[in-house]
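Novice: Mind looking over this structure? Questions follow.
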Amino acid sequence: MTADTKKGSVGQDRVRLEGRLKVTGTAPYAFEQKVENPAYLFPLTSTIVKGKIRSIDDSAARVLPGVLEVLTYQNAMNLLAKTDTELYLLQNRDVHYYGEYIGAVIAETQEIARHAASLVKVEYDAEEEDTRFRAEHPDRYSPIKINTGVPADSKQGDVDKGLAEAALVVDEVYTTPYEHHNPMEMHSVIAEWDKEKLDGVLGVLGERPHLRIHDASQGVSYERLMLLPLLGLLPQQVEINSPYVGGAFGSKGIPHAQVMLTILAAKLLPGRPVKYMLTRQQMFRSVGHRLTTHQHFRLGAAEDGTLTTITHDVQQSTSRLKQFAEQTVNATRHLYAAPNRETSTRMVPLDIGPATFMRAPGEFPGMFAQETAMDELAVKLGLDPIELRLRNQPETDPESGKPHSSHYLKECLQEGARLFGWEKRHAQPRARQEGEWLYGMGVASATYPKQMTPPTKASVAFKGGKYHVSIAAADLGTGAWTVLTQIAADALQVPEEEVVLQIGHTDLPLAYLAGGSTGTYNWGSAVMVAAVNFRSRYGQTPAEGDEAEGSAHFPDEAKKYALDAYGAHFAEVKVSRVTGEVRVTRMLGVYDGGRIINPRTANSQFIGGMTMGISAALHEESYLDSRPGYGHVVNSDFAGYHIAANADAPQVEARWIEHPDPMFGPTGAKGIGEIGIVGVPAAIGNAIYNATGKRLRGLPFTPDKLV
Ligand code: MOS
């Protein structure tokens, strides 16, 4: 069961199906869904870091014309189960971090709600708090597992012996800052509580509550599963709609507090939809962030560059309210061969909001350390950094000993070197100068694993001469809608025009979320299985109403293999000797991402990842004011929090080495949503070293670090 790439749709360049709707402003995003007589919410947020609410005086807000309700812990509905501490909202007086939702004003307009919120007086009993991240924090702890279910620590061989016997050692600390999610579309929710009439047994009529939600979500199925135990509702009682999403990058992966806040607010106004869109400033408070890391990385090598030892000890921030333990050490366990290896993860609990997934959580910060350390080793050895990487390619997965399902890192490095003109690079720093500018080139490897996805289903139904393919998938702007249509067309052996794909609603077959770069191979697999089931049941000439289902299927054999995508990133930079300004003049990524379903959308994923990597390398950092009594992000808007603009990414190109990998599932795709960002800041930092001779071990590479 494979898609026919010769004459079929898979592998063809296709523009995004919903592209026109999105760029012409006619695609209804969550906030723009048509609802009757909406009310608007503006949140009340804590102005202390930690403590208890002593009193809330909402009298001035309540008498303001247009104000409908004020929601606080005093009138919020009781949540049943505390299955998620982030979503267990307004159930008591507790404050856990600055900017936490402590209530909301609901009014006839957004403007009235916002003004009324400013009239609510809240008094607190503050408690001693701690928001200052530092290594060796006395409360640091070892998490039982880190994200994706991997152990916090690992150990093989004898690293002390390995380092003692090494000809050369790199022993450094690398740091990455807090970053905040800023997709173009801020998080938005509409919630409405209704009554649903029931035909009871023996004709007795009853009714039960029904909750309708429009959300900007990476996956409505698992979002609903998370909400149900808190709300004490059955799946049939909650409906979530999210057809269009304006960027997400992990921040809309699981529901955050704004979803529950809007649900609780709507509960006070039964039958009336309540709408909430975060302000840009609120994006820096309660919808997650990339945690900050302190990484001690050591490499030991023989004279010829063969690695004998790799150690990676990570300390990283977490919220005391809810743990998010990033898998920062994960790539280190799988990329390079070395007999002696050790990794560890420690969490530093702070009174801050919960962190969440941000494009390549784990691999992104971890590979900044590893790939910078590799460059430092290459310099010490006097060896070309690509050659150093080639000499340490593992025969099998270094930790598990499993064979790779496919592994084309070497080819990515070599092909990239050829295309980028690596031979023109000067081994010595400061060798190329033009006026005030110093030029340099750098390289870094990339890797991203296959995730073990929970159940995912799809269905195919024949109606009105078209094949209606349904799956509760999400398109965040990635092209998922388009590539799933291509996959379905080939699996059904029909032109794309005969496929109508529906995504983004809980009435559709249950699907895992758009996360962990799984969408194409996971959803695509379910779609292929459903299509094949449909054809085997009804043949090539189905009747109106024929329908079949399918579940994502991965070969059992896959468990015998190490399953990873690979890539190589190349950067050329120029650094001003006068101002310390860094410009990335060129970037190239070459990827081993399995089968490429649609070269246009794949290219956008890759160069989008690289651009986000440039942004992290040059600009992104959330400054948390950790003085007692503050605890907020100081630069919580686009004036203070800088992201890459077009001028920061003048020439960013992607290529790929296409080897379909059936162990990732029947699509042969490996997942490409995140690998484009992995290692990018290291490639840029290594280029900065090559340009200037100055080694930067903390992100971002701002001018003050280079003058
Ligand atoms: Mo992605 S950070 O796995 O949504």
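Novice: Can you tell me the length gained on complete extension of the stretch Leu234 to Glu136, counting 0.36 nm per residue apart and subtracting the Cα distance?
Specialist: 30.8 nm
Novice: Find the percent of Cα-Cα distances in the range 289-381 that exceed 20 Å, and round it to a whole number.
Specialist: Working: 1616 of 4278 pairs.
I get 38 percent for the Cα pairs in the range 289-381 exceeding 20 Å.
Novice: Turning to a different aspect of this structure: Name the lysines eligible as straight-distance cross-link partners of Lys50: C-alpha to C-alpha under 21 Å, and not fewer than 8 places from it in the same chain.
Specialist: Straight-distance partners of Lys50: Lys82, Lys121, Lys322.
Novice: For the range 234-313, what are the per-bin percents of Cα-Cα distances with bins 5 Å wide, up to the bin holding the maximum?
Specialist: Using 5 Å bins, I get a P(r) of 3, 9, 14, 17, 11, 9, 6, 6, 7, 6, 5, 4, 2, 1, 0 for the range 234-313.
Novice: May I have the extent of the alpha carbons of the range 557-621 along their three principal axes, as whole Å values ordered from largest to smallest?
Specialist: Over the range 557-621, Cα extents along the principal axes are 57, 27, 21 Å.
Novice: Using every pair of alpha-carbon atoms in the range 118-208, split the distances into 5 Å bins beginning at 0 and state the percent of pairs per bin, rounded to integers.
Specialist: Percent of Cα pairs in each bin: 2, 6, 6, 8, 11, 12, 11, 9, 8, 7, 7, 5, 4, 2, 2, 1, 0.
Novice: Let me have the 222 nm mean residue ellipticity of the chain computed from DSSP H runs of 4+ only, each contributing -39500 (n - 2.57), with the sum over all residues rounded to the nearest 500.
Specialist: -6500 deg cm²/dmol
Novice: What ratio of Cα Rg to 2.2 N^0.38 Å holds for the range 510-658?
Specialist: 1.54
Novice: Just rank Arg272, Arg224, fewest to most, by other beta-carbon atoms within 10 angstrom.
Specialist: Working: Arg272 19, Arg224 24.
Fewest-to-most ranking of Arg272, Arg224: Arg272, Arg224.
Novice: Straight-line reach from Lys155: which aspartates and glutamates have a Cα under 12 Å away, not including same-chain ones fewer than 8 places off?
Specialist: Partners found: Asp313, Glu342, Glu399.
Novice: If you line up the Cα atoms of the range 462-589 on their principal axes, what length do they span on each, largest first, in Å?
Specialist: Projected onto the principal axes, the Cα atoms of the range 462-589 cover 73, 38, 27 Å.
Novice: Let me ask something else about it. Over its Cα atoms, what ratio of radius of gyration to 2.2 N^0.38 Å does the range 478-524 give?
Specialist: On the way: Rg = 11.0 Å, N = 47, 2.2 N^0.38 = 9.5 Å.
Output field value: 1.15.
Novice: Using label points projected 7 Å from each Cα along Cα→Cβ, tell me how many nm separate Glu557 and Arg600, to one decimal.
Specialist: 3.5 nm
Novice: Need one number: nm distance between label points at Leu198 and Ala126, each 7 Å from Cα along Cα→Cβ, rounded to one decimal.
Specialist: Here the answer is 4.9 nm between the modelled labels.
Novice: Could you please tell me the mean projected area of the C-alpha convex hull for the range 1-72, averaged over all directions and given in square nanometres to one decimal?
Specialist: 12.0 nm²
Novice: If we restrict to alpha carbons, what Rg and Dmax does the range 1-133 come to, in Å?
Specialist: 22.5, 70
Novice: Next up: Which order results if Glu192, Glu544, Glu581 are arranged by neighbouring Cβ count within 10 Å, fewest first?
Specialist: Values: Glu192 24, Glu544 9, Glu581 17.
Exposure proxy ranking, most exposed first: Glu544, Glu581, Glu192.
Novice: Provide the percentage of antiparallel DSSP beta bridges, counting only those with both residues in the range 439-556; round to the nearest 5.
Specialist: So the antiparallel bridges in the range 439-556 amount to around 70 percent.
Novice: At R0 = 41 Å, how high is the FRET efficiency between Arg430 and Lys145 if r is their beta carbon distance? Nearest 0.05 is fine.
Specialist: Once the sixth-power term is evaluated, E becomes 0.35.
Novice: Note the full-extension length gain between Glu497 and Ser55 as 0.36 nm times their separation in residues minus their Cα-Cα distance, in nm to one decimal.
Specialist: 153.1 nm
Novice: Please give the FRET efficiency for Met77 paired with Thr396, using the beta carbon to beta carbon distance and R0 = 51 Å, rounded to the nearest 0.05.
Specialist: 0.40
Novice: To one decimal place, what Kirkwood hydrodynamic radius in Å is obtained for the range 495-561 from all pairs of distinct Cα atoms?
Specialist: The answer is 13.8 Å.
Novice: Additional query: Please compute the Kirkwood hydrodynamic radius of the range 615-707 from all pairs of different C-alpha atoms, in Å with one decimal.
Specialist: 16.5 Å
Novice: Now, a different point. What pairs in Lys457/Lys559; Lys22/Lys145; Lys161/Lys402; Lys145/Lys457; Lys195/Lys252 have C-alpha atoms more than 32 Å from each other?
Specialist: Pairs exceeding 32 Å: Lys22/Lys145.
Novice: What is the Cα centroid distance between the range 500-536 and the range 650-671, reported in whole angstrom?
Specialist: 19 Å
Novice: Below 8 Å between Cα atoms, with a sequence gap of 6+, how large is the relative contact order for the chain in percent? Display every interim value, and only then the final one.
Specialist: Values: 1882 pairs, mean separation 119.6, N = 707.
This gives 17 percent for the chain.
Novice: Turning to a different aspect of this structure: Have a look at the chain and give its Rg and Dmax from the Cα atoms, expressed in angstrom.
Specialist: Radius of gyration, then largest Cα-Cα span, for the chain: 26.1, 89 Å.
Novice: Rounded to two decimals, what ratio of Rg to Rh does the range 294-451 give with C-alpha atoms and a Kirkwood Rh?
Specialist: Ratio value, two decimals: 1.01.
Novice: Now for a different question. Based on C-alpha coordinates, I'd like the Rg and Dmax of the range 328-371, in Å.
Specialist: 12.7, 40
Every number here is computed from the coordinates shown, using simple stated rules; none is lab data. Predicted model, so just to flag it, every value in this text is computed and none were measured. No Cβ is skipped: glycine too gets one built from the backbone with ideal geometry, and neighbour counts run over all protein chains shown.
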